[in-house]
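The values are calculated or read from the model by the stated rules, or taken from the named source; none is laboratory data. Keep in mind that what you see is a predicted model, and the values were worked out from it rather than measured. Cβ atoms come from the backbone with ideal geometry, glycine included; neighbour counts cover every protein chain shown.
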Amino acid sequence: MRRFKVVVEKHPDGYIAYPIGLKGVVVGQGDTYEQALADVKSAIRCHIPAFGADVTSIGQD
């Protein structure tokens with residue numbers, strides 16, 4: 001599987017995580033850093049098969 005950089009941000013209500021370089025909306029959330037990271041990893045694993053390999057093409061709009 002391809003690797004993506006993931007940004008994890010702290011917010012008042014918990015953590016939000018999203019990958020860099022993946023087309024479409026893919027977000028994870030959780031009460032802890034670890035939960036948000038696990039959630040976004042799961043979202044990425046579902047997103048690519050559902051929308052095809054083209055979502056990983058960077059710089060091709």
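Is at least one residue of segment 7-20 touching a helix residue (DSSP H, G or I) at 6+ places or on another chain (Cβ under 8 Å) and in contact (Cβ under 8 Å) with a residue 24 or more places away in the chain? Taking every residue of segment 7-20 in turn, at least one turns out to be touching a helix residue (DSSP H, G or I) at 6+ places or on another chain (Cβ under 8 Å) and in contact (Cβ under 8 Å) with a residue 24 or more places away in the chain.
Under the condition of being touching a Leu at 6+ places or on another chain (Cβ under 8 Å), among the polar types (S, T, N, Q) and at pLDDT 95 or above, the residues counted in segment 15-56 number 0. Whether any residue in segment 48-56 is hydroxyl-bearing (Ser, Thr, Tyr), surrounded by 15 or more Cβ atoms within 10 Å (Cβ to Cβ) and either part of a loop (DSSP other than H, G, I, E, B) or on the phi < 0 side of the Ramachandran plot (or both) is what I want to check. Yes; the residues of segment 48-56 include at least one that is hydroxyl-bearing (Ser, Thr, Tyr), surrounded by 15 or more Cβ atoms within 10 Å (Cβ to Cβ) and either part of a loop (DSSP other than H, G, I, E, B) or on the phi < 0 side of the Ramachandran plot (or both).
Taken residue by residue, segment 13-33 has at least one member that is of a type in the set (D, E, K, R), touching a strand residue (DSSP E or B) at 6+ places or on another chain (Cβ under 9 Å) and assigned to a loop (DSSP other than H, G, I, E, B).
If the condition is being within 9 Å of the chain's Cα centre (by Cα) and among the aliphatic types (A, V, I, L, M), then segment 12-61 contributes 17, 20, 22, 25, 26, 27, 37, 40, 43, 44.
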